[in-house]
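Quick notes on the structure that follows.
The values are calculated or read from the model by the stated rules, or taken from the named source; none is laboratory data. For clarity, every value in this text was computed on a predicted model and none was experimentally measured. Every residue, glycine among them, receives a Cβ derived from its backbone with ideal geometry; neighbour counts consider all protein chains shown. Ligands, DNA and RNA are excluded from the accessible area calculation, which covers all protein heavy atoms including side chains. Shrake-Rupley method; radii C 1.70, N 1.55, O 1.52, S 1.80 Å.
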Amino acid sequence: MAESDTPTPPQLLPDEIHRAVNPGTALLRLRTTHSREGVLDGAWWPRSRDVTTELPALIRALTTHLGPVARVGLDTDAWEAVPARVVVDDRVVHLDSFPVGDDTVLITRGDNDHFALLVVPPATTPDAARDAMARAVDAGNVTQAAEILVATHPEPGTRRPES
């Protein structure tokens, strides 16, 4: 088989996030494929449930790589004191309440360009967070966010099989 026949794995954006994952690190991984067939477009691991502290970094990362973010939809029951909007770098981003669950955040860029991101709970271990994020950004993923989190979080007191 010629080298050009080898399928290329999906690329992730931005490349610099492929460093070690440490507890409490906010991470963002997005698929950069043109196909939007998967259930999720990426994953985010915030450090806390304080939306006014966590969202600006996410919005800046998305804006840098994808352009301005207009709206963020999230389940307000899963976050502390959600305002109607946040201002990030002199741009107003509206926050909408959607009953999407605490495992998903919806990002709107432009009029109808939507992205669904898996939200990895802040207290997740680095290994489980890495596994969940990798599953979320897999181009062939058809698994819902809640199912990914259940699959990557073992029951307390159990050991995950070594890979």
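Carbon-plus-sulfur fraction of the accessible area of segment 42-152, 1.4 Å probe, in percent?
On the way: 2610 of 5140 Å².
Heavy-atom surface of segment 42-152 belonging to carbon and sulfur, 1.4 Å probe: 51 percent.
Take the Cβ-Cβ distance between V39 and R91 as r, set R0 to 22 Å, and report the resulting FRET efficiency rounded to the nearest 0.05. Mind dumping the intermediate values first?
Values: r = 28 Å, r/R0 = 1.29.
The formula returns an efficiency of 0.20 here.
Amide H of V88 versus every other amide H placed in the peptide plane: which residues, excluding those fewer than 5 positions away on the same chain, fall under 5 Å?
V93
Sort the following peptides by mean Cβ neighbour count (other Cβ atoms within 10 Å, averaged over residues), highest first: 97-105, 42-50.
Put in order of decreasing packing, that is 42-50, 97-105.
Once fully extended, how much extra length lies between T64 and A134, figured as 0.36 nm per residue of separation less the alpha-carbon to alpha-carbon distance? Please report the intermediate quantities before stating the final value.
Working: separation 70, 0.36 × 70 = 25.20 nm, distance 2.15 nm.
Gain on stretching T64 to A134: 23.1 nm.
Taking amide hydrogens as modeled 1.01 Å from N in the peptide plane, which residues meet the under 5 Å criterion relative to G73, leaving out close sequence neighbours?
D96, L106, I107, T108
Q144 to D77: extension gain in nm, 0.36 nm per residue of separation minus the Cα-Cα distance?
On the way: separation 67, 0.36 × 67 = 24.12 nm, distance 1.94 nm.
Stretched fully, the Q144-D77 segment lengthens by 22.2 nm.
Return, ordered by residue number, the residues of segment 58-76 whose backbone nitrogen is under 16 Å from a label point located 7 Å along Cα→Cβ of R49.
Flagged as within label range: 74-76.
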